[in-house]
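The values are calculated or read from the model by the stated rules, or taken from the named source; none is laboratory data. A quick note: this is a predicted structure, and the numbers were derived from the prediction, not measured. Cβ placement follows ideal geometry from the backbone for every residue including glycine, while neighbour counts extend to all protein chains displayed.
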Amino acid sequence: MLEFALERYNYWIVIALMMIGLYIVFSRGNLVKTLIGLNLFQTSVFIFYITVGKVVGGTAPILIGGHSEGGHGDDHGGGHGDDHGGDHHDTHHDAALSAEDAVAAVQGDLVNRMGAEPAGDGHITGHESLHEGPHGVESNSLFTGSPGEEVPDLITRSGAADLPHADAEHAAAGLDVLYSNPLPHVLILTAIVVGVATTAVGLSLAVRIREAYGTVEEDDIEAIDNKTTLAEVMA
Amino acid sequence: MLLNDLPVLPVILPLVAAPVCLLLPNNRLPGLFASLIAAIAAISSAMLLAEVAANGPANYDLGGWAAPLGIVYRVDIAGALVMTLVAAMAAVTIPYAIRSIEAEIAKSQTSAFFAMFLICFAGLIGVVATGDAFNVFVFLEISSLSTYTLVAMGAKRDRRALTAAFTYLVLGTIGATFFVIGLGLLYQVTGTLNMLDIHERMVGQDNRVVRAAFAFIFTGLALKLAMFPLHQWLPNAYTFAPASVTAFLASTATKVAIYAMLRFLFTVYGFQFGFMDVAFAFFLLLGMLGMFVASLIAVFRDNVKMIFAYSSVAQIGYMLLGISFATPEGVAAALVYVVNHAVTKAALFMAVGAVVYSIGSSRMPAFRGLAKRMPVTAGALIVGGLALVGVPMTAGFISKWLLIRAAFEATLPVSSLFLVLFIVSTTLLAVGYVGRLVWEMTLREPEGQVEMKPVPMGMIIPMLLVTFLTFYLGVNADGLVKLAEAAARELLNTGLGTGGAF
C-alpha cells in the first residue's frame with residue numbers, strides 16, 4: 001500500500017499543488033495573491049501532463065515503408081520522419097527499415113491487440129494506467145488507412161521496435177525503457193503559453209483596478225462597490 | 001479551391017484580420033474592416049451550413065495531415081448551425097459597435113477593441129469547427145482571454161467592469177484548467193486527441209480514469225457556460241461590459257460552450273457509459289434549479305442589463321433541460337433554444353445599449369416612459385421581452401413549445417407532467433421581470449426632463465434586424481426546426497456509435 005503510494009509520488013505532488021493553488025484562489029483577498037494561486041493551480045496541470053508523457057517501455061512511432069527510397073524529401077514521409085526526433089534520425093530510419101520483418105510481425109500483433117480490440121487489452125483499471133505502459137494504455141494512434149493517399153504504415157511506441165539491435169520479443173515486452181512522449185510536452189507548452197497570457201491579462205487588470213480603486217484588496221473593493229450601488233439606488 | 005476551405009475560412013479569416021485591425025488608425029476604419037470580415041465569415045458559414053446539410057459532415061485536414069494524427073476540422077450540421085449563428089451575430093454586433101463604443105471606450109482603444117472582438121470571434125468559431133479535443137481548449141482560451149479584455153473595456157463608463165472582468169478571468173481560468181485536466185486523463189486512457197478517435201477507443205471502457213475525466217471536463221465546461229451554481233461571473237460581466245460586447249457574448253459565448261458540451265457528451269463519450277444517466281439526471285436537476293432561482297433573482301433586480309443577465313442564466317437552464325432528455329427531440333429543442341435565445345438576447349441587449357447611449361443609464365428609472373421617448377427602442381424591448389416569456393409569434397414560443405413536446409415524449413426521472421408544469425411556472429417568473437420593464441416603459445411617466453442623445457442609425461438598424469429575426473423565427477420556424485432535428489439525430493447517432501466515422 002505504502003509502496004503503491006510512494007511510486008506515484010508525482011501524482012501526490014500534482015494533487016497537493018492543485019489543492020494549494022485552489023485554496024489560495026478562494027481564500028486570499030489580495031488580487032495578486034489570487035493570481036499566484038491560479039498560477040500554482042495551472043502549474044500542477046503542467047506537471048500532470050509531463051507525468052502522463054513519461055511511459056515505461058515506450059518508443060517513438062516509426063514509419064515503415066511508404067518512404068523507402070530517400071523518404072526524407074517527400075512531402076508526407078518527410079514530415080513523419082521529423083517526428084523521429086533530431087540527432088539519431090538516420091540510424092533510426094535505416095534500422096527501422098532493416099528490421100522491417102521483425103517489425104511487421106510485431107505490428108501485426110499490435111494491430112490485433114490495440115486496433116481491433118481496444119476494449120480487451122486496452123482496458124485498464126484506474127491505477128494500472130498510471131505507470132505501467134505496455135498494456136496498450138497509451139498507444140499512439142495507429143492509422144490503417146485514409147482515403148485518397150498512400151498512408152505509410154505506422155507502428156506505435158508499444159512495439160518498441162525502433163531499438164535497432166533489440167530483440168523484438170524483448171522490445172515488445174518493453175519494460176526497461178523510460179520514454180518521453182513528445183505530444184503531452186507539446187500540449188503543455190501550449191497550455192503554458194495560455195497560462196502566461198492569462199497571468200499577463202490578470203496582472204494588467206490588477207494594475208487597472210489599483211488605478212481605479214486605489215487598492216487591490218478584494219474586501220475594500222467590495223465595500224467601495226457596495227457604496228456605489230447604494231448611492232445609485234438612493235438617487 | 002476556396003470552396004474546399006470553407007470549414008477553416010471563418011476561423012482563419014478573423015484570426016489573420018485581427019492584427020491587421022490593430023494597425024489601422026483609431027477612427028471608423030477598424031470597425032468597418034471588422035464588419036467586412038465578419039460578413040464574409042457569416043456568408044461562408046452559411047454556405048458551409050447549406051453544404052453540410054446537403055452532403056454530410058465536412059472534413060478538413062489541417063496542413064494535409066490525415067486524422068487521427070493531424071488536427072482535423074470536422075463540421076457537421078450542429079456545428080455548421082452554431083457556426084452560422086456565431087458569425088451572423090458577429091456580423092450584426094460589430095457594425096452596431098462602431099457607433100455604440102464611441103461613448104463607452106477611449107478613442108485611442110478603438111482599433112484594439114475591434115482586434116479583440118475579431119480574436120474572440122475567431123476563438124468561438126474555432127471551438128465549433130475543430131474535431132480535435134485539445135484544440136477546443138486552445139480556442140476556448142483564445143476567446144476567453146479576449147473576452148476578459150473586452151469586458152474590462154467597459155471601465156470607462158463604470159469601474160466595476162474591471163472587477164467583473166477579474167472575477168470572470170479567475171473563474172474562467174479555473175474552468176479551462178479543469179477542462180485540460182480532463183483532457184489529459186482522456187489522453188492517458190486513449191492516446192489520442194481526435195474526438196471520434198477517442199470515442200472509438202473508449203468504447204467499453206468504464207473505469208475511474210474515464211469517470212474522473214468526465215467530471216473534470218464537464219465541470220470545466222459548466223463554468224464556461226454558466227450552469228446554475230457556477231454562474232457567478234456572468235451577471236456582473238454582462239452588466240458592466242460595453243453594450244455591443246454584452247450583445248455578442250450573451251448570444252454566442254455561452255452558446256458555444258453548450259455546443260462544446262453537446263460535442264463531448266455525445267461525440268466523445270456517447271451512450272455506452274453507465275454513468276451517463278447520472279450525468280443527465282444532474283443536468284436535469286441543475287437546469288431546473290437554474291431556471292427557477294435565476295428567474296427569481298431577475299425579478300428583483302434594478303438594473304435592466306442585470307435582469308437580462310440573470311435571465312440568460314435561467315435560459316441556459318432550459319437548454320440543459322433539453323440536453324438532459326437525451327432524446328433527438330430534446331437535443332433538437334436545445335439547439336433551437338440556443339439559436340432563438342441568442343437572437344432574442346442580442347436584440348434585448350442592443351436595445352438596452354441604445355438606451356444607455358441615449359440616456360446614460362441602464363437602471364430602471366431610465367426606462368420610465370421610454371415608449372414615448374424612444375418608441376422604436378421600446379418596441380424592440382417589448383418584442384424581445386415577449387420572446388423571452390415565450391408568447392406565440394415570437395422565437396421564444398417555438399423553443400419552449402419544442403421543449404415541452406420533447407418533455408412529454410422522453411422517459412425521465414421525474415414525471416413529464418411535473419416538468420412541463422415547472423417550465424410553465426418559471427415562465428410566469430419571466431412574465432414578472434419582463435412585465436415590470438414593460439410596465440415602466442409604457443404606463444409610467446418619465447420623471448422630469450433628461451438630456452437625451454439621439455441614437456444613430458448605425459445602432460438602430462442592427463437592433464431592428466435582430467428584432468425582426470426574433471419575430472421571423474417565431475412565425476416561420478420550419479427550416480430551423482428541420483435543421484436542428486437533423487443535427488440532433490446526427491449527434492445522437494455518433495453517440496450510439498452507429499455513425500460519424502471517418
Determine whether residue A:230 is at pLDDT 70 or above and at the interface with chain B (Cβ under 7 Å from one of its Cβ atoms).
-> no
Considering residues that are farther than 21 Å from residue B:284 by Cβ and outside any loop (DSSP other than H, G, I, E, B), the number found within the stretch B:298-338 is 9
Here are some residues: A:201, A:196. Which one is surrounded by 13 or more Cβ atoms within 10 Å (Cβ to Cβ) and either modelled with pLDDT of 50 or more or of a type in the set (S, T, N, Q) (or both)?
-> A:201
Look through the stretch B:226-252, keep the residues that are aliphatic (A, V, I, L, M) and in contact with a Lys or Arg (Cβ under 8 Å, 6 or more places away or on another chain), and return whichever of them is nearest to residue B:265 (Cα to Cα).
-> B:250
Give me a count of the residues in the stretch B:124-177 that are among the acidic types (Asp, Glu) and either at the interface with chain A (Cβ under 8 Å from one of its Cβ atoms) or under 22 Å from residue A:209 (Cβ atoms) (or both).
-> 2
Among the residues of the stretch A:218-235, which ones are over 15 Å from residue B:239 (Cβ atoms) and either small (Gly, Ala, Ser) or surrounded by 14 or more Cβ atoms within 10 Å (Cβ to Cβ) (or both)?
-> A:218, A:221, A:223, A:224, A:231, A:235
Are any residues in the stretch B:61-76 touching a Leu at 6+ places or on another chain (Cβ under 8 Å) and not in a loop (DSSP other than H, G, I, E, B), and if so, which ones?
-> B:72, B:73, B:74, B:75
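Each row is one residue, and each column tells you yes or no for (1) closer than 30 Å to residue B:194 by Cβ; (2) surrounded by fewer than 24 Cβ atoms within 10 Å (Cβ to Cβ).
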{"site": "B:85", "(1), (2)": "yes, no"}
{"site": "B:88", "(1), (2)": "yes, no"}
{"site": "B:95", "(1), (2)": "no, yes"}
{"site": "B:101", "(1), (2)": "no, no"}
{"site": "B:131", "(1), (2)": "yes, no"}
{"site": "B:140", "(1), (2)": "yes, no"}
Within the stretch B:191-215, restricting to residues that are among the β-branched types (Val, Ile, Thr) and more than 8 Å from chain A (Cβ to nearest Cβ), the one that is surrounded by the most Cβ atoms within 10 Å (Cβ to Cβ) is B:198
Could we say that residue B:114 is in contact with a Gly (Cβ under 6 Å, 6 or more places away or on another chain) and crowded, with 24+ Cβ neighbours inside 10 Å here?
-> yes
Just give me the residues in the stretch A:37-59 being among the aromatic types (Phe, Trp, Tyr) and under 10 Å from the mean Cα position of the chain (by Cα), in sequence order.
-> A:46, A:48, A:49
Using the structure shown, decide if residue B:41 is within 23 Å of residue B:132 (Cβ to Cβ), assigned to a helix (DSSP H, G or I), of a type outside the set (Asp, Glu) and under 18 Å from the mean Cα position of the chain (by Cα).
-> yes
Please work out which residue is nearest to residue B:376 (Cα to Cα), limiting yourself to the stretch B:409-424 and to residues that are assigned to a helix (DSSP H, G or I) and without any contact (Cβ under 8 Å) to a residue 40 or more places away in the chain.
-> B:424
Residues of the stretch B:178-190 that turn out to be more than 7 Å from chain A (Cβ to nearest Cβ), free of Cβ contacts under 8 Å to residues at least 40 places away in the same chain and out of contact with any Lys or Arg (no Cβ under 6 Å at 6 or more places or on another chain), as a count = 2
Out of the residues in the stretch A:214-227 that are in a helix (DSSP H, G or I) and more than 7 Å from every other protein chain (Cβ to nearest Cβ), state the one that is farthest from the chain's Cα centre (by Cα).
-> A:227
